[in-house]
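The values are calculated or read from the model by the stated rules, or taken from the named source; none is laboratory data. What you are looking at is a predicted structure, and each value in this text was computed from that prediction instead of being measured. Glycine also receives a Cβ, built like all others from the backbone with ideal geometry; neighbour counts cover every protein chain displayed.
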Amino acid sequence: MPKQFDASAEDWVEGFNVPARRKFAKRPLKGRGRELPAAEGNSTVAEIFPNQALVLADVGRTRKLCGYRLAALDFAGISRERSPVCVGDRVRVEARVIVGRCERRNKLVRCAPESRNPLLHAVAANLDCLVVVAAAREPDFTPGIVDRFLVAASAQNIPGILCVNKADLVAPGAEKPWLLYASAGVKVVETSAVGGDGTDALAALLRGQTVAFCGHSGVGKTSLLRRLLGDDRLGRVGAISAATGLGRHTTSGAVMLLGPDGSAWIDTPGIMNFALVGVDRPSLLLHFPELHEASARCSPNCLHDSEPGCALLGMPRHQSYRQILSSL
């Protein structure tokens, strides 16, 4: 029986105080690990703990806590991910041990925070859609993190939806900066987790899909999921910090919950920064479709940064593009 998870030991998911792996687990023998074909999976990872994972079995849809051997999942030591499995992974379980991870269709991944080594943090895998949740007010709408999530989703061919929560706090006639995303081809849904406005429309878009909900702390991801699921299976909801105007982190790790008609909805921790992985400077423009289309009017040697005469100057998301470009 695997050792039980001690929640007081560390905040594993956020990456703080991550203990070094034991020496014998650092370098598994070459050839020991391999990715399995999708057909060999018999469970789906629903939640991650140190050296263990809660899985949802295909047969009976039962949940059980399973351990794993790093040598069986590290794929000959090549993997640089902080954990060899993440929520949404298809795995093979035998005798309450994860013995293999199946090939991923896609993954939402970022650089792990507070990490001395270039470790990666896979937030979720095998997604049909990514819902980027932002707040209209309290905290104010922030396009920078929205664009980073949308770029990460586009790079993995994951359709993205922008959900602007707390729409009930917007005064009549007030400016709505998020509407520009609709003109860029992004589906935009305004919701109120408190009053329920817009939640039926969002649920209709997500029915039957595996979806991750991502965004800043305090934007109401957990409250929104509670409203969509119609129950209280999720953890406590935090308030906005009066000192910073930002949300207080309440979800400590990604968790998969079963929604209607076969839906699997993943609540993720609030993320303050999202360092992109697998996106380089030459390919960034492809993930801003309206900017990429306009770039056809530029000269061949235009970098689309701040060159005089660049067709992208003054376009709504050009500043966001420049900020991400400078960070790559």
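So the values come out like this:
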read-out	value
Options 131, 109; residue that is in contact (Cβ under 8 Å) with a residue 40 or more places away in the chain and either touching a His at 6+ places or on another chain (Cβ under 9 Å) or among the hydroxyl-bearing types (Ser, Thr, Tyr) (or both)	109
Residue list for the range 218-251, restricted to those being modelled with pLDDT of 60 or more and among the small types (Gly, Ala, Ser)	218, 220, 223, 230
Members of the range 115-153 that are closer than 20 Å to residue 49 by Cα and more than 18 Å from the chain's Cα centre (by Cα)	115
Pairs, first outside the structural domain of residue 316 (by TED's automatic domain parsing) in the range 175-195, second part of a loop (DSSP other than H, G, I, E, B) and surrounded by fewer than 17 Cβ atoms within 10 Å (Cβ to Cβ), C-beta under 6 Å, six or more apart	180/316
Test for residue 105: is it part of a loop (DSSP other than H, G, I, E, B) and within 30 Å of residue 164 (Cβ to Cβ)	yes
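A quick yes/no check of all residues on (1) part of a helix (DSSP H, G or I); (2) within 24 Å of the chain's Cα centre (by Cα); (3) within 30 Å of residue 119 (Cβ to Cβ):
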{"site": "277", "(1), (2), (3)": "no, yes, yes"}
{"site": "283", "(1), (2), (3)": "yes, yes, yes"}
{"site": "295", "(1), (2), (3)": "yes, no, no"}
{"site": "302", "(1), (2), (3)": "no, no, no"}
{"site": "319", "(1), (2), (3)": "yes, yes, no"}
{"site": "322", "(1), (2), (3)": "yes, yes, yes"}
{"site": "326", "(1), (2), (3)": "yes, yes, yes"}
